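See structure below.
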């Protein structure tokens, strides 16, 4: 598999880590997200390296390391979540910026456990904001009896103790989820019916951007690509019409990274499917991941993100984490 953006391999310290999580155990409609990270990286080799905001080509003087893919083959779902966490933790220590490629949105609980290790979080997620681009609320207590389903990803992040959840693009949800959006004070939801409205969309969209600009403290950005309109990502697990435009997602990314009092400590792009007749879906995902990388480079230059000293280099050892399976009796 090529390196992300077809960049040269990294042998020294790592500034940005591209992490592949080909995880797919709970998808409930379209299949194929296990192949999504590899397809995204292959598509990224065709992405233009020049970034207008940076005024130069990526990697813009930084080292971008494409980490060998997670290859967990554990017997149970909880053991696979533990395995993903162990794979992620070494890259969440604050000395580099991790970008995770998925895989179904069920990767989020493992990412939350890895984020705990970040020096700005210090094992306390109560100061972490999660910004979620998504078509779905992902706030179900369970789906088909599975509490760690991809449809429960945001609910599990809240259960893990995050301070707040900011959602945009939401347009498909259950009654249970809608009730939680309305009554859980930690959740702020911007519905697609409002932000995409021909009459009042600009008003609601500007409110969303203002909300992002006012965030304080560490942030994780999770981008389920079905948050975009289904015409842009038809091969994602559950494409939904009426979603965000590509430019709205790009504006969201840039506004978040430009927030004066926020530090984006990690990001993920998930639910990447493989489109056989056209590379549109995986190429769109690759463009979004590239936008995240470029926005992080900009944050470094402005001093809103600074590396913290820890063990670095592309050959660092995996962590030894066992959390989900131990706390649940290994089931």
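A short reminder: the numbers here are calculations on the coordinates, not readings from a lab. Since the model is a prediction, treat every value here as computed from it, not as a measurement. Cβ placement follows ideal geometry from the backbone for every residue including glycine, while neighbour counts extend to all protein chains displayed.
With a ≥ b ≥ c the root eigenvalues of the C-alpha gyration tensor of the stretch 159-258, is it rounded (a/c under 1.5), prolate (a/b larger than b/c) or oblate? It is rounded, given that a/c, with a ≥ b ≥ c, falls under 1.5.
In the chain, the calculated helix contribution to ellipticity at 222 nm averages -9000 deg cm²/dmol per residue, counting -39,500 (n - 2.57) for every DSSP H run with n ≥ 4. Ordered by the number of other Cβ atoms lying within 10 Å of each residue's own Cβ, fewest first, 87, 246 fall into the sequence 246, 87. Ordering 302, 42, 175 by the number of other Cβ atoms within 10 Å of each residue's own Cβ, fewest first, gives 175, 302, 42. Shape of the stretch 218-331 from the C-alpha gyration tensor: oblate (a/c of 1.5 or more and a/b not above b/c, with a ≥ b ≥ c the square roots of its eigenvalues).
The distance linking the stretch 230-250 with the stretch 100-171 is 20 Å (Cα centroid to Cα centroid, whole angstrom). Normalising the average separation of contacting C-alpha pairs (under 8 angstrom, six or more residues apart) by the number of residues puts the relative contact order of the chain at 24 percent.
Normalising the average separation of contacting C-alpha pairs (under 8 angstrom, six or more residues apart) by the number of residues puts the relative contact order of the stretch 90-243 at 24 percent. Once the Cβ-Cβ distance between residue 176 and residue 25 is put in as r, and R0 is 25 Å, what FRET efficiency do you end up with, to the nearest 0.05? Using R0 = 25 Å, I get an efficiency of 0.65.
When a/c reaches 1.5 or more, the comparison of a/b and b/c decides; with that in mind, is the chain rounded, prolate or oblate per its Cα gyration tensor? Rounded is the answer for the chain, as its axis ratio a/c remains below 1.5. Taking the Cβ-Cβ separation of residue 46 and residue 315 as r and a Förster radius of 41 Å, what is the calculated FRET efficiency to the nearest 0.05? Calculated transfer efficiency: 0.90.
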